[in-house]
Amino acid sequence: MPDDDGTQSLLVRLRTVEQERDAWRDRCAGLAGERDRHRDTVRRLRRSRSYRLGRGLVLLARDPLRLVNRIRRRRLPRRGPVGGPLPARLYVAIGLDLPRLTELARTIRRRVLIDPDHRAVVLTDHPEFSLLRGDGLILEYLPDRETWQRHRPDRRWDEVLADRLSRLYAEHGAAHVLFVDPDSPPTLPDLLA
């Protein structure tokens, strides 16, 4: 009989713990949804014209010369020295899933449309990169680390990445290289800053 009482109390305790776990899961799911809604609100706010105007006014009040220099740079001719091609900016987008890569490509395209001061070259390891060709960007592909190691274990992926970056930098005359965080790709205001 004592064993039955002990078993019953363990079962009751187990059910209680499971109910608490489920309650915490529900709470975390609700908080994650709320976090996502706040992120969307912040993104919409940062993309709004009134936010950009307000940010410009704050910049004007804090550092007027910086704003004047920024405006002057944007009004310079869009050609390189002596009428040559625009310099390139290399965006290294390694490790992004397709939705984030697609959003990044659209953001870069918007950035170049707003201020066409460079040619955008995107290096990605996503195998479906060809779906982004319509965005008017220069797309370069490097297989991801696992695929590379499976097919070419004789050469380290990090060395291949370094070689590819240096070659792209030289081939396109890149003026800047931007490494994209796969968990937090830059937004349009980030790229315009």
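A few comments on the model shown:
- Condition met for Thr41 (assigned to a helix (DSSP H, G or I), within 27 Å of the chain's Cα centre (by Cα) and of a type in the set (S, T, N, Q)): yes
- For Leu86, the criteria (1) of a type outside the set (Val, Ile, Thr); (2) open to solvent by 30 Å² or more (accessible area, probe 1.4 Å); (3) modelled with pLDDT of 80 or more; (4) assigned to a helix (DSSP H, G or I) hold in every case but one, which is (4).
- Members of the stretch 178-193 that are part of a helix (DSSP H, G or I) and open to solvent by less than 40 Å² (accessible area, probe 1.4 Å): Leu188, Pro189, Leu191, Leu192
- Residue in the stretch 103-116 that is open to solvent by 70 Å² or more (accessible area, probe 1.4 Å) and either aromatic (Phe, Trp, Tyr) or more than 21 Å from Arg44 (Cα to Cα) (or both) present: no
- Residue within the stretch 19-28 that is free of Cβ contacts under 8 Å to residues at least 40 places away in the same chain, surrounded by fewer than 10 Cβ atoms within 10 Å (Cβ to Cβ) and more than 28 Å from the chain's Cα centre (by Cα) present: no
- Against the numbered list (1) aliphatic (A, V, I, L, M); (2) at pLDDT 80 or above; (3) open to solvent by 90 Å² or more (accessible area, probe 1.4 Å), Leu76 comes up short only at (2).
- Residue in the stretch 102-125 that is basic (Lys, Arg) and closer than 14 Å to His172 by Cα present: yes
The values are calculated or read from the model by the stated rules, or taken from the named source; none is laboratory data. These figures come from a predicted structure and were not determined experimentally. Every residue, glycine as well, gets a Cβ built from its backbone with ideal geometry; the counts of neighbours run over all protein chains shown. Surface areas here come from the heavy atoms of the whole protein model, side chains and all, with no ligands, DNA or RNA. Shrake-Rupley method; radii C 1.70, N 1.55, O 1.52, S 1.80 Å.
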